[in-house]
Amino acid sequence: MAQRLKPVDVVTIGVGLTGSLTALELVKAGLKVVGLERGAPRYTVPDFQSPAIHDELRFSIRKGMMQDNVKEAVTFRNTSDQTALPIRRWASFLPGTGLGGSFVHWNGQSFRFQVADFIYKTHIEQRYGKKFLEACGPELTIQDWGVTYAELEPHYDRFEYISAG
Amino acid sequence: MADVSRRALIKASGAIGATMLPTALAIDAGSAQEHDHASPAPSHPPAAAVVPPQVRETTYLFFNNEEAAFIEAAVARLIPKGDQWGGALEAGVPNYIDKQLAGAWGAGERLYRSGPWQPGTPSQGYQLPFTPAELFRTALGAINRELSQTPFAKMNPKEQDSYLENLEAGGKDLGGVPSDVLFAHLLESTLEGFFSDPVYGGNRNMMSWRMIGFPGAYASYYDLVDQHGIKIDRPTMSLAENADGHVHVNPGIPARSP
């Protein structure tokens with residue numbers, strides 16, 4: 001019989017990059033949070049302890065911190081006329097796993113989109129004229145985002161603080 | 001081997017090792033001697049005091065005799081012995097490859113092995129049905145059958161190089177393994193064995209690290225964070241030892257699935 005636990009304010013499905021940051025912020029705001037994580041628990045000590053964590057063969061070459069793609073493979077192709085085939089070993093695309101998820105092996109870099117990126121259609125029209133986009137035909141579905149850099153800037157700033165990115 | 005005293009040798013290898021003096025001794029003693037000449041830095045203790053010379057002959061778990069003969073000869077051409085430093089053979093690379101193939105990696109850990117099976121584009125990566133162990137066994141078997149008259153190990157270095165270049169060029173089928181795929185695996189494994197931590201069975205006496213001036217797995221460089229352009233001149237250290245030389249083998253090595 002299912003055991004009924006006491007309700008909490010928030011449950012995160014996964015405690016990876018998003019789940020852990022969100023949970024931390026919600027707890028700081030006074031909410032009670034439970035995180036559900038399918039992967040192995042990992043803690044600073046002993047899992048990320050020196051010198052074992054400097055094992056480049058284990059982590060960089062053999063991808064010891066990444067998802068086991070024997071259990072969960074993804075397929076890949078460059079263009080739609082190719083047949084998608086399984087990625088049999090991780091190479092360029094590295095999904096994380098376990099407590100902390102890809103947060104534990106990211107490079108600490110988060111790039112802000114620039115002012116023009118949010119108003120791409122307007123930006124190009126201003127720079128090259130409306131006819132430039134019209135000439136590209138109806139298949140060009142370029143749009144402005146509907147949110148501006150100025151509106152997002154405080155959130156970029158906050159994210160960079162809490163993620164140390 | 002004149003520079004390695006009998007006492008140091010027995011102390012370092014233990015009585016059992018010393019009674020089994022193998023052919024590899026000459027090479028290892030030679031490289032220890034080279035190191036003494038190569039790095040006369042007075043701050044370093046003598047090599048023998050830091051790392052006991054390894055005098056054991058490799059006990060192969062995966063390779064049979066013919067396979068081992070090919071691997072030993074091939075890695076010695078991929079990273080040959082130089083004037084100052086030993087090459088892949090002296091660094092124990094065949095032992096590294098053997099242990100990798102005999103272990104989880106060789107058995108296809110973290111290698112997706114279900115269909116669909118078909119040749120992919122270069123950007124789709126490895127698409128063969130072989131585990132690393134199967135790949136080496138199959139391809140080395142085909143090579144050794146082809147060279148049954150003149151085994152690779154008996155060729156002169158020039159012939160060996162041209163045979164390896166031929167494998168690298170591809171177009172040759174080794175029992176289902178394209179020869180360039182075997183070559184790529186062989187080269188990658190050789191580099192791994194030469195440069196990875198000795199805890200994996202290669203890089204004997206941390207030879208490659210001493211050669212390139214890499215100090216190894218020091219736990220912390222905190223005191224050096226704000227210092228730039230300095231040479232890190234410390235004795236090399238393996239993952240498995242702390243600063244006092246105590247060995248702490250991590251049960252998580254080699255990598256296992258979480």
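Read-outs throughout are calculated quantities, based only on the coordinates presented, and are distinct from any laboratory measurement. Keep in mind it's a predicted model, so treat the numbers as computed, not measured. Cβ atoms come from the backbone with ideal geometry, glycine included; neighbour counts cover every protein chain shown.
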Modelled label-to-label distance, B:LEU147 and A:ASP144, 7 Å Cα→beta-carbon offset: nm? 6.9
Extension length gain for A:SER163 and A:LYS28 (0.36 nm per residue less Cα distance), in nm, is 47.1 nm
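Need one value for B:105-113: mean number of C-beta atoms belonging to other chains within 10 Å of its residues' C-beta atoms. Could the numbers behind the result be given before it?
Numbers: counts 3, 0, 0, 3, 3, 12, 4, 14, 4.
What the average comes to for B:105-113 is 5.
For B:GLN84 and B:ARG234, what is the calculated FRET efficiency with R₀ set at 22 Å and r taken between the beta-carbons, to the nearest 0.05? All intermediate terms of the calculation are to be shown ahead of the outcome.
Working: r = 20 Å, r/R0 = 0.89.
Efficiency, rounded to the nearest 0.05: 0.65.
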Report the paramagnetic label zone for B:SER220: residues of region A:37-80 whose backbone N is under 12 Å from a point 7 Å from Cα along the Cα-to-Cβ axis. A:50-51
Do you know the relative contact order of chain A, to the nearest whole percent, from alpha carbon pairs under 8 angstrom that are 6+ apart? 20
What are the residues whose amide H is under 5 Å from the amide H of B:GLY216, where those residues sit 5 or more places off or on another chain and H is modelled from the backbone? B:MET237
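At 0.36 nm per residue, and after removing the present C-alpha to C-alpha distance, how many nm does the segment from A:ALA116 to A:SER50 gain when stretched out fully?
Working it through step by step, the gained length comes to 19.4 nm.
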Mind listing the phi-derived Karplus ³J(HN,Hα) values for region A:6-13, rounded to whole Hz, using 6.51, -1.76 and 1.60 with θ = phi - 60°, and x for any glycine or proline? 5, x, 10, 6, 9, 10, 9, 8
Return the long-range amide H neighbours of B:GLY170 (sequence gap of 5 or more, or a different chain), with a cut-off of under 5 Å between placed amide H atoms. B:ASP180
When the Karplus curve 6.51 cos²θ - 1.76 cosθ + 1.60 is applied with θ = phi - 60°, which whole-Hz ³J(HN,Hα) does each residue of region A:68-84 get, with x for Gly and Pro? 7, 7, 6, 7, 9, 8, 10, 9, 8, 8, 8, 9, 6, 8, 8, 8, 5
Stokes-Einstein diffusion coefficient for region A:1-45 at 37 °C in a medium of 0.692 mPa s, Rh from the Kirkwood formula over Cα pairs: what value in µm²/s? 281
Mind listing the long-range amide H neighbours of A:GLY98? Cut-off is under 5 Å, sequence gap 5 or more, other chains count too, H placed in the peptide plane at 1.01 Å from N. A:GLY39, A:ALA40
Alpha carbons only, please: Rg and Dmax for region B:58-214, in angstrom. 15.7, 50
List the GluC sites (Glu not before Pro) within region A:111-165 that DSSP assigns to loop and that have no more than 12 neighbouring Cβ atoms inside 10 Å. A:GLU139
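A:ALA73: net charge of surrounding residues, Cβ under 13 Å, Lys/Arg +1, Asp/Glu -1, itself excluded?
Working: positive: A:LYS71, A:ARG88, A:ARG89, B:ARG110, B:ARG113; negative: A:ASP68, A:GLU72.
Cβ neighbours under 13 Å give a net charge of +3.
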Quickly estimate the mean residue ellipticity at 222 nm for chain A, helices only: each DSSP H run with n ≥ 4 gives -39500 (n - 2.57), and the total goes over all residues, rounded to 500. -8000 deg cm²/dmol
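Contour minus end-to-end for A:ASN107 and A:MET1, with contour as 0.36 nm per residue of separation and end-to-end as the Cα-Cα distance? The partial results should precede the final answer.
Working: separation 106, 0.36 × 106 = 38.16 nm, distance 4.42 nm.
Full extension of this stretch gives 33.7 nm more.
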So which of B:LYS158/B:LYS231; B:LYS81/B:LYS231; A:LYS6/A:LYS71; A:LYS6/A:LYS28 end up more than 30 Å apart by C-alpha? B:LYS158/B:LYS231; A:LYS6/A:LYS71
If R0 = 51 Å, then A:ASP9 and B:GLN127, at their Cβ-Cβ distance, give a FRET efficiency to the nearest 0.05 of 0.60
At 7 Å along the Cα-to-beta-carbon direction for both B:ASP161 and A:THR79, put a label point, then send me their distance in nm to one decimal. 4.1
In whole angstrom, how long is each semi-axis of the equivalent ellipsoid of region B:72-116, when you take the square root of 5 times every eigenvalue of its Cα gyration tensor and sort them from largest down? 31, 11, 7
So the FRET efficiency between B:ARG113 and A:GLN126, C-beta based with R0 = 60 Å and rounded to 0.05, is 0.65
Consider just the alpha-carbon atoms of chain A and return their Rg together with their Dmax, both in angstrom. 21.7, 67
